[in-house]
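The values are calculated or read from the model by the stated rules, or taken from the named source; none is laboratory data. Owing to the predicted nature of the structure, the values given are computational and were not obtained by experimental measurement. Don't worry about glycine lacking a Cβ; one is built from the backbone with ideal geometry, like all the others, and counts go over all protein chains shown.
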Amino acid sequence: MTDAALPLQPGAESADRPQTQSTLARVVQYTGLRMIALFFTVLIGVYLTILIANMGGHVDEIRKGYIRESVAISVGIDPEFKNMTADERREHIDQLVALQEKRMGLDQPFLLRSFRFLLGAMTLDLGWADNMSSDSGSRQVRNIILERLPATLLLFSTTFFLLFFVGIFVALYLSRNYGSRLDRVIVGLAPTSAAPSWFYGLFFILLFAALLGWFPFGGLVSAPPPDSIINYALSVLNHMVLPVTAIFFSAIFLGIYGQRTFFLIFSNEDYVDMARAKGLSDRVVERRYIMRPTMPTIVTGLALSIIGLWFGSIVLETIFNWPGLGRLFYLAANIFETSVIVGSTVIYAYLLGFTVFFLDFVYALLDPRVKVGGSSGGQA
C-alpha cells in the first residue's frame, strides 16, 4: 500500500487545527497592535499640525481681526446705523463680533479648541471653510478635501506603477549587462534625481507645451469637458502626460541604480552559485533566488519615495494647475484656511500609515522567511 493510501492518523487533523488557530491569533494580535501604534502616531502628528497651522493660537487672533474689520465695514456702510452715536455704534459692533466669534468657536481658549479640533480632524469632521468651497459649491471641509483626493491618487498611483515596472525590468537588464554602455549612462544620470519633480515640470511645460504645443499647460481636463466618457478619459490622459513624466524623471534613474545594485549584490551570493551549479536556468535563478529576496527592499524604497513625492506635490500640482490635494494645501495656506490645511494633512497621514501597515504584509507575501507577527529571529 502506498503512502497516499494510508489513512490519516487520528490525532493528525486535531494537531493541525491548533497550529492554524495559533497562527491566525498571532496575525490578528499583530495586526491590532500595529493599527493601534500607527493610530497614535497619526494622532500625534495631526495634533502637532494643528498647533503649527494655528501658530499656537496666533491664527485665531488674525481671524478675529478679520471678523472685526468686516463687521465694522458692513456697519459703516449700512444707512440704518448712521444716526447712532460713536459709542452706540462701537457697542453694536462688539455685539456682532461676539456673535461671529461664538459661531466660529473663537470665544473658547485655544488649548480646549485644539483638542476638539483634533477629535474632528481624525474623522474629517472639520466643519465649514470660511473662504473656500468645493467644485460643487459646498463649503464643508470634508467635501472640499474628498473632491480633490481622487486627482492626487490618480496622478501618483499611475506614476507608482510606471516606476515599479520600468525600474524592475531596466534594473534586471542592467544587472545582466553590468558595465555596459547603458549601465554607465544610467549610473551617470542617477544624480539627476536630486532635482525635484516641479523642476522637471517647468522644463517640460516650456518645451512640450509652450514651444512645441504637443500637450496642454495644465489642468485635469480640457474646457469645456468632453461629453462622451471616452473623449473625457482621453483628455484626462493627455493632461496627465506632463506631470506624470515630471514625477517619473525625478525618481526613475536613482531608483534603477538602487535596484540594479541590489540585484548585483544578491546575484553574487553562494546560494545563487549553487542553484546555477544544479543546472537551473538563468530565468529561474533570477526569479527565485535574486528577485524574491530583493523585492521587499525595493517595494519599501519605492513606496516611501512615493510618499515623499506626495508631500512634494504641493508645488508640482500648483505648477500644472492640477486639482489635487497639493494645490488645495497651497491655496489654503495662502488664506489661513486652517481646517483645510489640517484636513489635507490628515489624509496624507492616513496614506502614510496605510502604506507602512500594508508593507508588513507585502514582506510576508514576497519573502517566505518573513512571518507576520512572528517572535523568532528573522520574522516581522
| field | Residue ID - surrounded by the most Cβ atoms within 10 Å (Cβ to Cβ), chosen from residues in the stretch 262-293 that are of a type in the set (Ser, Thr, Tyr) and out of contact with any Leu (no Cβ under 9 Å at 6 or more places or on another chain) | value | 267
| request: Among the candidates 33, 38, single out the residue that is modelled with pLDDT of 75 or more and loosely packed, with under 13 Cβ neighbours inside 10 Å. | output: 33
| Only listed residue being over 15 Å from the mean Cα position of the chain (by Cα), buried (at least 16 other Cβ atoms within 10 Å of the Cβ) and free of Cβ contacts under 8 Å to residues at least 60 places away in the same chain, chosen from 169, 164, 199 | 199
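Can you work out which of the residues in the stretch 180-198 that are among the polar types (S, T, N, Q) and assigned to a helix (DSSP H, G or I) is modelled with the lowest pLDDT?
Selected residue: 193.
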| query | Of all helices (runs of 4 or more DSSP H) completely enclosed by the stretch 227-340, which ones contain at least 3 residues that are within 30 Å of residue 211 (Cα to Cα), touching an Asp or Glu at 6+ places or on another chain (Cβ under 6 Å) and at pLDDT 85 or above? | reply | none
| message | Which condition from (1) among the hydrophobic types (A, V, I, L, M, F, W, C); (2) farther than 18 Å from residue 327 by Cβ; (3) free of Cβ contacts under 8 Å to residues at least 40 places away in the same chain is the one that residue 209 breaks? | response | (2)
| Total residues in the stretch 172-196, condition over 25 Å from the mean Cα position of the chain (by Cα) and loosely packed, with under 13 Cβ neighbours inside 10 Å | 9
| Pairs where the first residue, in the stretch 81-102, is under 19 Å from residue 66 (Cβ atoms) and the second is in a helix (DSSP H, G or I) and basic (Lys, Arg), C-beta under 6 Å, 6+ apart | 97/68
| note | Checked pairs for the stretch 55-76, first under 13 Å from residue 96 (Cβ atoms), second of a type outside the set (A, V, I, L, M, F, W, C), C-beta under 8 Å and 6 or more apart or across chains, list as 64/101; 67/100; 67/101; 71/100; 75/89; 75/92
| query | In this structure, is residue 212 of a type outside the set (D, E, K, R), more than 18 Å from residue 163 (Cα to Cα) and under 24 Å from the mean Cα position of the chain (by Cα)? | reply | no
| query | Only one of these conditions is not met by residue 249: (1) surrounded by 13 or more Cβ atoms within 10 Å (Cβ to Cβ); (2) farther than 30 Å from residue 308 by Cα. Which number is it? | reply | (2)
